[in-house]
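**Q** Have a look at this one before I ask anything.
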Amino acid sequence: MFDPVRRVERKAWRAEGLAGGERTIPEEVAIAFTYNGSSYAVMMATPQDFEDFAYGFSLSEGIIKSPTEIEQLEIIEQDVGVELQMRLAEPHGTAFRDRRRYLAGPTGCGLCGIESLTEAMRTPSTVSDEVTFAPKDIMTALDALNVKQTINHSTRAVHAAAFFRPGEGLVALREDVGRHNALDKLAGALARAGEKSNDGFCIVSSRLSIEMVQKAAAMRVPVIVAISAPTALAVRVAESAGLTLIAVARSDGFEIFTHPQRIEQDRGFHIAAG
């Protein structure tokens, strides 16, 4: 069994000189995704929440549209890593064989199994839900995210992705060394639990790039919130996909980059400009 964190020896240099000691750091292992015996991708990720990762990755990659399309999942732990062996129900298995490909990806790779620029730049399906949220919902979710990141509290080296629903708080949270992996694991957790995703929003402890926006839109969440800034491409894709993109979410507020109509305005709250 792989542990998600390790305690290792290290020497620390300070003004007083070198001193021995230990530090808790996150583990990272190779995780292979196979469908009906064919390899699709190898990701470097934190070794936990394997079932969520398998389902969430499969959904965000468009390999399946529903968890029921995976007939069987077997988790095989080996000395060199973990293999997630999935069997797809027909006709999905045949469809996958027609498009199978293989990619060895770096940590948190967000574009997997992509063969062309057109695929990489795809615009996700439009998110059209007109649900609204109050600014206090965003701030409450931000505070909850900080508290619930148990692995990051001990390592200061992993990302988190969470789903927040007003009235319930954080419904689910997943952590991983890769920000894309954390979001995939969250998607899998929600799908496996049969949770709706159009009545809440995602919040992530990272920047927002196009892959994160594509995955959020595939989850059908209307809003994604990030602690760091977005890329310009992520903003353009979120705008065209109908997704509300909120970033630079800090203790003093946040900035809305696309579709601000989903965030209710109250006294003292203003949409950032420029």
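**Q** So which of Val213, Val235, Val223 ends up being within 17 Å of Ala162 (Cα to Cα) and touching a Ser or Thr at 6+ places or on another chain (Cβ under 7 Å)?
**A** Val223
**Q** Follow-up question, since we're still on this one. Note down all Cβ pairs under 7 Å where the first residue falls in the stretch 54-68 and is not assigned by TED's automatic domain parsing to the domain that holds Asn181, the second is of a type in the set (Ser, Thr, Tyr), and they're at least six residues apart or on different chains.
**A** Correct list of pairs: Ile63/Tyr35; Ile64/Ser58; Pro67/Tyr55.
**Q** Tell me which of these Asp143 doesn't satisfy, since it passes every other one: (1) crowded, with 16+ Cβ neighbours inside 10 Å; (2) at pLDDT 95 or above; (3) part of a helix (DSSP H, G or I); (4) not polar (S, T, N, Q).
**A** The one condition Asp143 does not meet is (1).
**Q** Could you check how many residues of the stretch 191-209 are surrounded by fewer than 24 Cβ atoms within 10 Å (Cβ to Cβ) and not in a loop (DSSP other than H, G, I, E, B)? Spell out how you get there, then give the answer.
**A** The initial filter retains those residues of the stretch 191-209 that are surrounded by fewer than 24 Cβ atoms within 10 Å (Cβ to Cβ), namely 191-199, 205-207, 209.
Keeping just the survivors that are not in a loop (DSSP other than H, G, I, E, B) gives 191-193.
Of the residues in the stretch 191-209, 3 are surrounded by fewer than 24 Cβ atoms within 10 Å (Cβ to Cβ) and not in a loop (DSSP other than H, G, I, E, B).
**Q** May I pose another question? Would you check if Val235 is among the aliphatic types (A, V, I, L, M), under 16 Å from Phe57 (Cα atoms) and part of a helix (DSSP H, G or I)?
**A** On the way: among the aliphatic types (A, V, I, L, M): yes; under 16 Å from Phe57 (Cα atoms): no; part of a helix (DSSP H, G or I): yes.
No, not satisfied.
**Q** Restricting to the stretch 47-101, what's the tally of residues that are among the basic types (Lys, Arg) and out of contact with any strand residue (DSSP E or B) (no Cβ under 8 Å at 6 or more places or on another chain)?
**A** Residues meeting the conditions: 2.
**Q** Can you tell which of Glu71, Glu83, Glu90 is more than 23 Å from the chain's Cα centre (by Cα), more than 20 Å from Ala193 (Cα to Cα) and outside the structural domain of Gln214 (by TED's automatic domain parsing)? Walk me through it before giving the result.
**A** On the way: Glu71 fails: more than 20 Å from Ala193 (Cα to Cα); Glu83 fails: more than 23 Å from the chain's Cα centre (by Cα).
None of the others qualify; the one that does is Glu90.
**Q** Quick one: is Leu173 at pLDDT 95 or above, part of a helix (DSSP H, G or I) and under 14 Å from the mean Cα position of the chain (by Cα)?
**A** Details: at pLDDT 95 or above: yes; part of a helix (DSSP H, G or I): no; under 14 Å from the mean Cα position of the chain (by Cα): yes.
Against the criterion (at pLDDT 95 or above, part of a helix (DSSP H, G or I) and under 14 Å from the mean Cα position of the chain (by Cα)), Leu173 does not qualify.
**Q** So, in the stretch 147-170, exactly how many residues are in contact with a Leu (Cβ under 8 Å, 6 or more places away or on another chain) and in a helix (DSSP H, G or I)?
**A** Taking the stretch 147-170 as the starting set, the residues that turn out to be in contact with a Leu (Cβ under 8 Å, 6 or more places away or on another chain) are 148-149, 160-164, 170.
Now restrict to residues that are in a helix (DSSP H, G or I): 148.
So the answer is 1.
**Q** What about Asp3, is it buried (at least 19 other Cβ atoms within 10 Å of the Cβ) and either modelled with pLDDT under 95 or out of contact with any Ser or Thr (no Cβ under 7 Å at 6 or more places or on another chain) (or both)? Before you say what the answer is, go through the steps one by one.
**A** Working: buried (at least 19 other Cβ atoms within 10 Å of the Cβ): no; either modelled with pLDDT under 95 or out of contact with any Ser or Thr (no Cβ under 7 Å at 6 or more places or on another chain) (or both): yes.
Spelling it out, it is not the case that Asp3 is buried (at least 19 other Cβ atoms within 10 Å of the Cβ) and either modelled with pLDDT under 95 or out of contact with any Ser or Thr (no Cβ under 7 Å at 6 or more places or on another chain) (or both).
**Q** Among strands (runs of 3 or more DSSP E) lying entirely in the stretch 9-67, which contain 1 or more residues that are within 17 Å of the chain's Cα centre (by Cα) and within 21 Å of Gln85 (Cβ to Cβ)?
**A** Details: elements: 17-26, 29-35, 38-45.
Hits in the stretch 9-67: 29-35, 38-45.
**Q** Just to be sure before I move on: is Ala182 part of a helix (DSSP H, G or I), without any contact (Cβ under 8 Å) to a residue 40 or more places away in the chain and within 15 Å of Ala247 (Cα to Cα) in the structure I sent? Spell out how you get there, then give the answer.
**A** Numbers: part of a helix (DSSP H, G or I): yes; without any contact (Cβ under 8 Å) to a residue 40 or more places away in the chain: yes; within 15 Å of Ala247 (Cα to Cα): no.
No.
**Q** Same structure again: Being among the aliphatic types (A, V, I, L, M) and under 19 Å from Gly194 (Cα atoms) is the requirement here; does Ile31 meet it? Spell out how you get there, then give the answer.
**A** Values: among the aliphatic types (A, V, I, L, M): yes; under 19 Å from Gly194 (Cα atoms): no.
Criteria not met by Ile31.
The values are calculated or read from the model by the stated rules, or taken from the named source; none is laboratory data. These numbers come from a predicted model, not from an experiment. Because the Cβ atoms are built from the backbone with ideal geometry, glycine has one as well, and the counts that use them run over all protein chains shown.
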